[in-house]
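Enquirer: The structure follows.
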Amino acid sequence: MRHVVLSALAVVVAAAPLTAQASKTQKFNIGGEGAFDYLSVDPSGRVFISRSNHVMVVDGATGNVLGDIKDTPRVHGIAFPPNGLAFTTNGGDSTSSVIDLKTLAVKQKIKAGKDGLDGIMYDDATDKILTINHSKPMGTAVVIDPKTAAVVATIQLTGDGPEGGVSDGKGHIYINLEDKNAIDVVDTKTWKVVKTWKIEPCDGPTGIAMDRATNRIFSGCSKQSVVVDAATGKVVAQIPNGDGVDALGWDQSQKLMYIPAGGSGNVTVVHEDLPDKYSVVETVPTMRGARTVAVDVSHHTAYVFTPEYGPSTPPATAGGRAGRGPVTAAWLFSIKR
């Protein structure tokens, strides 16, 4: 049974008059089995949630499950080019499933890397999908033409832990390197890395977003995220947030950043006051484990998700580790400002 909890959360810090109101939150138990990684919002406002070997499609306004997409082994992410399709990253068989958004049927599967498929993004400037892969011995990004479903290039990255990617719309893509505390800059004319920027004090950058108007990149990091000048690679601001960050969301029209922290069980909401000045306007409690985020920019709503697990199972052998307990609930949080 779907369970709904409504609440209004208090503001922790209010630095900008336009963002001082508290968020309205909802919490839905959507059920389903499997762990999770990324979630994404499609053009119609549906929330797509990766669940180990399937993708759940949920109405974010009601929490109702609208569909369940199978044949996505060890799925991580979902991206939406503007052609009525969705593309996934399936780590289990190193493919990308091509999904018809009208029927939610898998049309085909593309061989999209040799191993380690993880993040995924769409670049509007080139009309290309990129799968971002923890390949061995070094990370890669595989470039797919969404019109033909053909692989057109493979980018050799400089670290073995690439995470999120974002485009400036002007011929550059920026990819976080979790293992190097750095960003690879990719030239989309050659599909090659042309620069690598260290972004310390960020530790373990994962999620990434960009304000194209101010030319600023936002890298989500545990305990302290950073803002990077895309012209110079210089860190121009630091943002305190929770621990266990694995994504970052951005609402361009509201100038709001959402930083989910699975270890701390909260989402830090940040306002861009000026290109190099940022204010924490709210810390929204969620649950431990809710570490990724997707933003519906049309409805100014951020979503985070985490399963809830029962008691651990005994270890299989003496001295072994206890197993994770069964899924007892699966919580989708919506945060609307």
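Enquirer: Given +1 on the Cβ of Lys and Arg, -1 on the Cβ of Asp and Glu, and no further charges, what dipole in debye does the chain carry about its Cα centre, rounded to the nearest 20?
Expert: Magnitude of the dipole: close to 300 debye.
Enquirer: Loop only per DSSP, at most 14 neighbouring Cβ atoms within 10 Å: give me the trypsin sites (Lys or Arg not before Pro) in the stretch 28-91, ordered by residue number.
Expert: When the trypsin sites (Lys or Arg not before Pro) of the stretch 28-91 are filtered for loop state and at most 14 Cβ neighbours within 10 Å, Lys70 remain.
Enquirer: Moving on. Quick check: from the Cα gyration tensor, does the stretch 255-325 come out rounded (a/c under 1.5), prolate or oblate?
Expert: Judged from the Cα gyration tensor, the stretch 255-325 comes out prolate (a/c at least 1.5, a/b above b/c).
Enquirer: If you put +1 on each Lys and Arg Cβ and -1 on each Asp and Glu Cβ, how big is the dipole of the stretch 133-261 around its Cα centre, in Debye rounded to 20?
Expert: Around 420 debye, computed over the stretch 133-261.
Enquirer: Step through the residues of the stretch 217-227 one at a time and calculate ³J(HN,Hα) from phi using the Karplus curve (6.51 cos²θ - 1.76 cosθ + 1.60, θ = phi - 60°), rounding each to whole Hz and writing x for Gly and Pro.
Expert: Once θ is set to phi - 60°, the couplings for the stretch 217-227 become 9, 10, 10, x, 9, 5, 6, 8, 8, 9, 10 Hz.
Enquirer: To continue, here is another question. So if I average 1/r over every pair of distinct C-alpha atoms in the chain and take the inverse, what Kirkwood radius in Å does that give?
Expert: Working: mean 1/r = 0.0500 Å⁻¹.
With all distinct Cα pairs of the chain included, I get 20.0 Å.
Enquirer: In debye, nearest 20: dipole of the stretch 28-179 around its Cα centre with unit charges on the Cβ of K, R (+) and D, E (-)?
Expert: For this selection, approximately 420 debye.
Enquirer: Shifting gears a bit: Pairs to check: Lys107/Lys136; Lys128/Lys195; Lys170/Lys192; Lys27/Lys102. Give those whose C-alpha atoms are more than 23 Å from each other in this structure.
Expert: Violating the 23 Å Cα-Cα cut-off are Lys107/Lys136; Lys27/Lys102.
Enquirer: From the convex hull of the Cα coordinates of the stretch 227-288, what is the mean projected area in square nanometres?
Expert: 4.3 nm²
Enquirer: While we're looking at this one, here's another question. In whole angstrom, how long is each semi-axis of the equivalent ellipsoid of the stretch 184-274, when you take the square root of 5 times every eigenvalue of its Cα gyration tensor and sort them from largest down?
Expert: Its equivalent ellipsoid spans semi-axes of 22, 15, 12 Å.
Enquirer: Using amide H atoms built in the peptide plane, which far-off residues or other-chain residues are under 5 Å from Tyr278 H to H?
Expert: Here Asp273 satisfy the definition.
Enquirer: Each label point is 7 Å from the Cα along the Cα-to-Cβ direction; what then is the distance between the points at Ser253 and Lys111, in nm?
Expert: 4.4 nm
Enquirer: Taking the Cα atoms of the stretch 212-337, report the difference between the largest and smallest coordinate on each principal axis, in whole Å and largest first.
Expert: Taking max minus min along each principal axis of the Cα atoms, the stretch 212-337 gives 56, 31, 19 Å.
Enquirer: On average over all directions, what projected area in square nanometres does the stretch 123-231 have, based on the convex hull of its Cα atoms?
Expert: Values: hull surface 25.4 nm².
Spelled out: convex hull of the Cα atoms, projected over all directions, averaged, 6.3 nm².
Enquirer: So, one more: Based on the alpha-carbon gyration tensor of the stretch 15-126, what equivalent-ellipsoid semi-axes (square roots of 5 times the eigenvalues) come out, in whole Å, largest first?
Expert: The equivalent ellipsoid of the stretch 15-126 has semi-axes of 26, 17, 14 Å.
Enquirer: OK, next. Give me the percent relative contact order of the chain, please, defined on Cα pairs under 8 angstrom at least 6 residues apart.
Expert: 13 percent
Enquirer: Can you give the extra length, in nm with one decimal, that the chain gains between Asp93 and Thr62 once fully stretched, where that is 0.36 nm per residue apart less the Cα-Cα distance? Mind dumping the intermediate values first?
Expert: On the way: separation 31, 0.36 × 31 = 11.16 nm, distance 3.32 nm.
Going from the current span to full extension adds 7.8 nm.
Enquirer: Which FRET efficiency, nearest 0.05, do Lys195 and Lys70 yield, Cβ-Cβ r, R0 35 Å? Each step should come with its number before you reach the end.
Expert: Numbers: r = 41 Å, r/R0 = 1.16.
It comes to 0.30.
Enquirer: Give the aspartates and glutamates whose C-alpha is closer than 19 Å to that of Lys198, dropping any in the same chain fewer than 8 places away, or say none.
Expert: Asp160, Glu163, Asp168, Glu178, Asp179, Asp184, Asp187, Asp229, Asp246, Asp276
Enquirer: What's the ranking of 279-288, 175-184, 189-198 by average number of surrounding C-beta atoms within 10 Å, highest first?
Expert: Taking the mean over residues of other Cβ atoms within 10 Å, the ranking is 175-184, 279-288, 189-198.
Enquirer: Can you give the local net charge around Gly159? Use residues other than it whose beta-carbon is closer than 13 angstrom to its beta-carbon, Lys and Arg +1, Asp and Glu -1.
Expert: Charge balance near Gly159 sits at -3.
Enquirer: A further question follows. Any chance you could run the full-extension gain for Asp145 through Lys27? It's 0.36 nm times the residue separation minus the Cα-Cα distance, nm to one decimal.
Expert: Result for the pair: 38.8 nm of gain on full extension.
Enquirer: Report ³J(HN,Hα) in whole Hz for each residue of the stretch 164-181, in order, from the Karplus equation J = 6.51 cos²θ - 1.76 cosθ + 1.60 where θ = phi - 60°; Gly and Pro get x.
Expert: Whole-Hz 3J(HN,Hα) from phi for the stretch 164-181: x, x, 8, 10, 8, x, 10, x, 10, 10, 10, 10, 5, 10, 5, 7, 10, 6.
Any read-out appearing in this document is the output of simple, stated calculations on the displayed coordinates, not a laboratory observation. None of the values given here were measured: they were computed from a predicted structure. Because the Cβ atoms are built from the backbone with ideal geometry, glycine has one as well, and the counts that use them run over all protein chains shown.
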